[in-house]
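Asks: If you scroll down you'll find the structure; I have some questions about it.
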Amino acid sequence: MKEIILILLLQLVYVPVLTLRTLLLVKGMSTYASVFGFLEALIYVFGLSLVFSGDQSTAAMVVYAVGFGVGILIGSYVENRLAIGFTTFIVNLDNKNEELIARLRQEGFGVTVFEGEGRDSVRYQFEILTKRNREVELFRLIEEYDARAFIISYEPRKFKGGFLLKSLKKQKVKKNAVTPEGSSPTSPHP
């Protein structure tokens, strides 16, 4: 019985690690992905050795498979909570909606506005790049101002320059800013 519980626990750790390793690799974070890959391989070999050692009970194999399925749910949950990376929103509206533009910018979102020709009228398109952990907030803001907005989102793989990178650099500068005493918060005291 202890062996079956151990197999289940290993799978509940293994699959989220596998999920995170895959996502980090796709996002180009290969150093972190390799660390998770090492952990993944270690857990995988240990778990399989438990399943195939001894009597190879059907219960152990079923628990291994169930643990894998539940581990996928856990891995997805963890990845959504971490929200690693960025998302680009393309928002199409019937009108320019200056109030929405102002509110988005007030909330720290960079908005680029384009005017285009739709089938029946002029359309306005907003392009917004944001951190994934702000997706829900951005979606709610858009819905609040225009429930009929057509919204598409996707994950950009690479980008350079722009409002978001400038604001991220400013945040880093603020973190490393000089304290009122005149010393950096990370430097040792004289």
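Asks: Go through 27/160; 27/96; 131/160 and tell me which ones have a Cα-Cα distance over 22 Å in this structure.
Replies: Exceeds cut-off: 27/96.
Asks: Another question, if that's okay. How big is the Kirkwood radius of segment 112-162, worked out from every pair of different alpha carbons and given in Å to one decimal? Present the calculation step by step, with values, prior to reporting the outcome.
Replies: Working: mean 1/r = 0.0779 Å⁻¹.
When all Cα pairs of segment 112-162 are included, the Kirkwood radius is 12.8 Å.
Asks: Once you have the Cα-Cα distance between residue 127 and residue 151, take 0.36 nm times their residue separation minus that, and quote the gain in nm to one decimal.
Replies: Details: separation 24, 0.36 × 24 = 8.64 nm, distance 1.01 nm.
Once the chain is fully extended between residue 127 and residue 151, it gains 7.6 nm.
Asks: Apply the Karplus curve 6.51 cos²θ - 1.76 cosθ + 1.60, θ = phi - 60°, to the phi angles in segment 119-135 and return the couplings in whole Hz, x for Gly and Pro.
Replies: Working through the residues one at a time gives 4, 10, 6, 5, 10, 10, 10, 9, 10, 9, 9, 9, 5, 4, 6, 10, 3 Hz.
Asks: Sticking with this structure for a sec: Could you do me a favour and compute the accessible area per residue for segment 1-123, 1.4 Å probe, result in Å²? Before the final figure, lay out the partial values.
Replies: Numbers: 7420 Å² over 123 residues.
Here the residues of segment 1-123 average 60 Å² of exposed surface.
Asks: Extent of segment 1-146 along each principal axis, from alpha carbon coordinates, in Å, largest to smallest?
Replies: Over segment 1-146, Cα extents along the principal axes are 71, 30, 27 Å.
Asks: Could I ask something else about it? Filter the trypsin sites (Lys or Arg not before Pro) in segment 58-106 down to the DSSP loop ones having no more than 14 other Cβ atoms within 10 Å, then list what survives.
Replies: On the way: sites: 81, 96, 103, 105; in loops: 96.
Taking segment 58-106 and a limit of 14 other Cβ atoms within 10 Å, the loop trypsin sites (Lys or Arg not before Pro) found are 96.
Asks: Still on this structure, please answer the following. Starting from the Cα of residue 34, step 7 Å along the direction of its Cβ; do the same at residue 3; then give the gap between the two resulting points in nm.
Replies: In this crude label model, residue 34 to residue 3 measures out at 3.6 nm.
Asks: Run the numbers for residue 107 and residue 135: contour at 0.36 nm per residue of separation, minus the present Cα-Cα distance, in nm.
Replies: On the way: separation 28, 0.36 × 28 = 10.08 nm, distance 1.27 nm.
Full extension of this stretch gives 8.8 nm more.
Asks: Next question, about the same structure. Express in % the proportion of alpha carbon pairs of segment 33-86 at distances exceeding 18 Å.
Replies: Details: 695 of 1431 pairs.
So the pairs more than 18 Å apart make up 49 percent of the total in segment 33-86.
Asks: I want to check the label-to-label distance for residue 74 and residue 61. Put each point 7 Å from Cα in the C-beta direction and report it in nm to one decimal.
Replies: If labels sit at residue 74 and residue 61, their model points lie 2.3 nm apart.
The values are calculated or read from the model by the stated rules, or taken from the named source; none is laboratory data. Note that the coordinates shown come from a computational prediction; the quantities given were computed from them, not determined experimentally. Heads up, the Cβs are rebuilt from the backbone with ideal geometry, glycines too, and the neighbour counts pull from every protein chain shown. Calculation scope for accessible area: heavy atoms of the full protein, side chains included, ligands and nucleic acids excluded. Shrake-Rupley method; radii C 1.70, N 1.55, O 1.52, S 1.80 Å.
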